[in-house]
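To keep things clear, I will list the structure first and then write my remarks on it.
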């Protein structure tokens, strides 16, 4: 398995664990500061670095295109998992603040089934996918630029 596929699989697995941990903590009534730590959004700052390092180690042609694909796929995979948690929150009427209609969530007396199960989760997923790709490409591009392989001077020439 190539390093970039391993980074993707590992990142998605970590995201799944973080999502489950956050749900458990929220349902147990953990403080908001603790729940904030267990957010998938933090991974959008970390994984682009790993993707970029993996791309540079393999010296792929078109590294920015590959980075875009990796960042986009990671964002989609993670946001679909989070979208499912919002759908479950609507069905089971979870009380965590992020699901509350007053906080822009999808759980509340004035939220109908279409809005709670589809509109709000889809809106959140689309917003976060765009933001994750934007942030991930900036971070990953900086890493690609910093880790650019130095060209070695030809034999017999002065640097």
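Would you check if residue 16 is in contact with a strand residue (DSSP E or B) (Cβ under 9 Å, 6 or more places away or on another chain) and within 23 Å of residue 126 (Cα to Cα)?
no
Name the single residue that is surrounded by the fewest Cβ atoms within 10 Å (Cβ to Cβ) among those in region 84-98 being more than 11 Å from residue 23 (Cβ to Cβ) and in contact with a strand residue (DSSP E or B) (Cβ under 7 Å, 6 or more places away or on another chain).
Going through the qualifying residues, I end up with 93.
Here is a yes/no grid of residues against (1) within 17 Å of residue 18 (Cβ to Cβ); (2) within 14 Å of the chain's Cα centre (by Cα):
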site: 39; (1), (2): yes, yes
site: 51; (1), (2): no, yes
site: 60; (1), (2): no, no
site: 70; (1), (2): no, yes
site: 73; (1), (2): no, yes
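Restricting the search to region 99-146, which residues are surrounded by 14 or more Cβ atoms within 10 Å (Cβ to Cβ) and not in a helix (DSSP H, G or I)?
Result: 100, 105, 106, 107, 108, 111.
Would you mind telling me which numbered condition in (1) without any contact (Cβ under 8 Å) to a residue 40 or more places away in the chain; (2) surrounded by fewer than 20 Cβ atoms within 10 Å (Cβ to Cβ) residue 68 fails?
Looking at each condition in turn, residue 68 falls short on (1).
In region 23-52, how many are assigned to a helix (DSSP H, G or I) and closer than 18 Å to residue 75 by Cα?
Matching residues across region 23-52 total 13.
Answer yes or no: is there a residue in region 86-102 that is under 18 Å from the mean Cα position of the chain (by Cα) and modelled with pLDDT of 95 or more.
yes
So residue 64 passes all but one of these: (1) part of a helix (DSSP H, G or I); (2) within 22 Å of residue 145 (Cβ to Cβ); (3) in contact with a helix residue (DSSP H, G or I) (Cβ under 6 Å, 6 or more places away or on another chain). Which condition number does it fail?
Looking at each condition in turn, residue 64 falls short on (3).
The values are calculated or read from the model by the stated rules, or taken from the named source; none is laboratory data. Computed from a predicted structure; not experimentally measured. Ideal geometry is used to build each Cβ from the backbone, glycine not excepted, and the neighbour counts take in all protein chains shown.
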